[in-house]
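**Student:** Below is the structure I would like to discuss, written out as structure tokens.
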Amino acid sequence: MKNLLFIIAIVFGATTTSVQASNFITNNTTNPLEISVVKPEVNLLCTSIAKGDTDIVRKLIVNGEDINKKSNGLTPAMYAAKYNRTEILELLINAGAKLKTKCNKGYTALDYAKATNAKEAQQLIEEVLEK
């Protein structure tokens, strides 16, 4: 008998909850709190750099992808420096990446390499900038 009462209580609780939720929806009540999520879009080149996918990066460069176009405020060289992707960084440099370009916050690829302790990327950028 206790089990039966327990099951009835659960069913009644679930039914009541469903009715209350459906009443809220059908009352055309507007919620004064409006939440919007802005998801930054990172282009395929910068996503591939972050993942370390050298083959995709190479193909995108060969197919004419803009190697200096900012994505979410950063250039591809900044992504390569940030994630210490030296092989990709070399590809970008050889294709004409501008290392002195600043992001929306005023930092360069070298600044990102330093900030993330990407020693190899930092060394490569410094060597290129010295020339």
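Rule-based calculations on the coordinates, nothing more; no lab input. Just so we're clear, the structure is a prediction, and the values are computed from it rather than from any experiment.
**Student:** Please report the spacing between the Cα centers of segment 45-81 and segment 89-125 in Å, no decimals.
**Tutor:** 12
**Student:** Follow-up question, since we're still on this one. Which pairs break 20 Å Cα to Cα here: Lys69/Lys105; Lys69/Lys98; Lys59/Lys119; Lys70/Lys131? Walk me through the numbers on the way to the answer.
**Tutor:** On the way: Lys69/Lys105 16 Å; Lys69/Lys98 10 Å; Lys59/Lys119 26 Å; Lys70/Lys131 25 Å.
With Cα atoms farther than 20 Å apart: Lys59/Lys119; Lys70/Lys131.
**Student:** Among all the aspartates and glutamates, which ones have a C-alpha under 16 Å from Lys114's C-alpha, if same-chain residues fewer than 8 places away are not counted?
**Tutor:** Glu126, Glu127
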